[in-house]
Amino acid sequence: MAFSLPALPYAMDALEPYISAATLGFHHGKHHQAYVNNVNNLIQGTPFEQATLEEIILKSDGGIFNNGAQVFNHTFYFEQFSPEGCREPKGALKEAIERDFGSTEEFTAQFNKAAATLFGSGWAWLVINPEGKLEIVQTSNAGCPLRDGKKPLLTCDVWEHAYYLDKQNLRPRYIEDFWKVIDWKIISERYDTLIK
Amino acid sequence: MSFELPKLPYAYTALEPYIDARTMEIHHTKHHGGYTANLNNALQGSAWEGRSIEEILQSAGAISPAVRNNGGGFYNHNLYWEILTPGGSREPEGVLLDAIRESFGSVAALKEAFTKAAVTRFGSGWAWLLLHDNKLVVSSTPNQDNPLMDVAEVKGKPILGIDVWEHAYYLNYQNRRPDYVEAFWNLINWDEVAGKLKG
């Protein structure tokens, strides 16, 4: 089964000035597209030829894992933004955040730290762990929490390509602006679906 | 004794058009400067304070992640600036050329192996030409690791290295890492590489 690049659910300039059209253009049109092309080429003639992305993430290694997981991670990342969205957690998710982190502020501080301190390329995630609790995790390179039995809710790409054209070495400024385009309605829907 | 960010032996504009001045300045002052400051902070009051950077990195498996990451970042960038020069210096010659021929067959074969290592390193890291068991070999390492480290897959003395963190090329080349690696060959200071092989 060949994978295809999902279209962005908003215009290329919709997240400006927080994430520029140039950054999104390369990130989606070049990086995400390359991961799609690479995984499609790599799975040919392997046991993963008919696999879903989730199966690839759980069972593959090397290039197939790296490219397959990056297809999933980027789709998950791009789908959580909107130009006009809900900028604060609400409802059941808000309650879960307060239950597991104490407050939204404390959650944000811990998430920012995880995103800022991941050394090299990788991702910071808010996940539901197998015990049903919310947790913040870091993954290196293409790492994906699904591999560890954790369900992702929210992610911040901290590969330099996610922010270098806009913020250069200032990763913390990218993380600060990241929150300005996160749509918590989408994160809440993910949470509500997963805890059903 | 604390480590100091070295001055570059050429202007920030000197490597254009292959590496632009803005990339050079941010890379040197912010990234390399950051590793240097963070290394000094991480070493303060530790048992490793006052040791040479080589000695520290050789014990990478035993030191804190902060010292390993920032110490690697400090050393690797020092080497990177040293092996670059405006316009490049001729081609490998003398003892270095002999060693390259003996290990790879030709300079072209070395370039091919090194380019492959640089282009295929997934995520952030470095590709290296190093002296390993009296032979030149090519390897790559993740993040700010390097061949001096006891944790490196291929250990030895690095004599040439390319930074393939995206910060090294993104303003110039964006996603096109292969173009950056190709441009890099126009900037090699082969005299310096030969000196590292001898020294």
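The values are calculated or read from the model by the stated rules, or taken from the named source; none is laboratory data. These numbers come from a predicted model, not from an experiment. Positions of Cβ are backbone-derived with ideal geometry, glycine not excepted, and every protein chain shown enters the neighbour counts. Heads up: the accessible areas ignore ligands, DNA and RNA and are worked out on the full protein's heavy atoms, side chains in. Shrake-Rupley method; radii C 1.70, N 1.55, O 1.52, S 1.80 Å.
Annotations for the structure displayed:
- If you go through the range A:15-59 and pick out every residue that is under 21 Å from A:C156 (Cβ atoms) and more than 18 Å from the chain's Cα centre (by Cα), you end up with 4.
- Restricting attention to the range A:44-87, the residues being under 27 Å from A:E160 (Cα atoms), in a loop (DSSP other than H, G, I, E, B) and either at pLDDT below 95 or polar (S, T, N, Q) (or both) number 7.
- Filtering the range B:121-134 for residues that are away from chain A (no Cβ under 13 Å), farther than 30 Å from A:N67 by Cβ and in a loop (DSSP other than H, G, I, E, B) leaves a non-empty set.
- Residue that is nearest to A:S140 (Cα to Cα) [pool: residues in the range A:44-67 that are in contact with a Ser or Thr (Cβ under 9 Å, 6 or more places away or on another chain) and hydroxyl-bearing (S, T, Y)]: A:S60
- Residue count for the range A:10-25 under the criterion of being open to solvent by 30 Å² or more (accessible area, probe 1.4 Å), in a loop (DSSP other than H, G, I, E, B) and in contact with a helix residue (DSSP H, G or I) (Cβ under 7 Å, 6 or more places away or on another chain): the result is 3.
So that you can scan it fast, the table gives a plain yes or no per residue for (1) more than 14 Å from chain A (Cβ to nearest Cβ); (2) modelled with pLDDT under 95; (3) under 28 Å from A:T23 (Cα atoms); (4) open to solvent by less than 10 Å² (accessible area, probe 1.4 Å):
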{"position": "B:V137", "(1), (2), (3), (4)": "yes, no, no, no"}
{"position": "B:E153", "(1), (2), (3), (4)": "yes, no, no, no"}
{"position": "B:I162", "(1), (2), (3), (4)": "yes, no, yes, yes"}
{"position": "B:N172", "(1), (2), (3), (4)": "no, no, yes, no"}
{"position": "B:Y180", "(1), (2), (3), (4)": "no, no, yes, yes"}
{"position": "B:W185", "(1), (2), (3), (4)": "yes, no, yes, no"}
{"position": "B:K196", "(1), (2), (3), (4)": "yes, no, no, no"}
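- In the range A:30-53, the residues that are surrounded by fewer than 14 Cβ atoms within 10 Å (Cβ to Cβ) and over 19 Å from B:R176 (Cβ atoms): A:Q44, A:G45, A:T46, A:P47, A:E49, A:Q50, A:T52
- Answer from B:S46, B:S89 - the residue that is under 18 Å from the mean Cα position of the chain (by Cα) and farther than 26 Å from A:A162 by Cβ: B:S89
- Strands (runs of 3 or more DSSP E) enclosed by the range A:110-196 - at least 1 residues per element that are open to solvent by 40 Å² or more (accessible area, probe 1.4 Å): A:134-140, A:151-157
- Any hit, the range B:33-56, residues being within 14 Å of chain A (Cβ to nearest Cβ), β-branched (V, I, T), out of contact with any Pro (no Cβ under 8 Å at 6 or more places or on another chain) and touching a residue at least 24 places away in the same chain (Cβ under 8 Å): yes
- Identity of the residue in the range B:83-120, assigned to a helix (DSSP H, G or I) and of a type in the set (G, A, S), that ends up surrounded by the most Cβ atoms within 10 Å (Cβ to Cβ): B:A118
- Search result, residues across the range A:164-196 that are hydroxyl-bearing (S, T, Y) and more than 18 Å from A:Q110 (Cα to Cα): A:Y164, A:S188, A:Y191, A:T193
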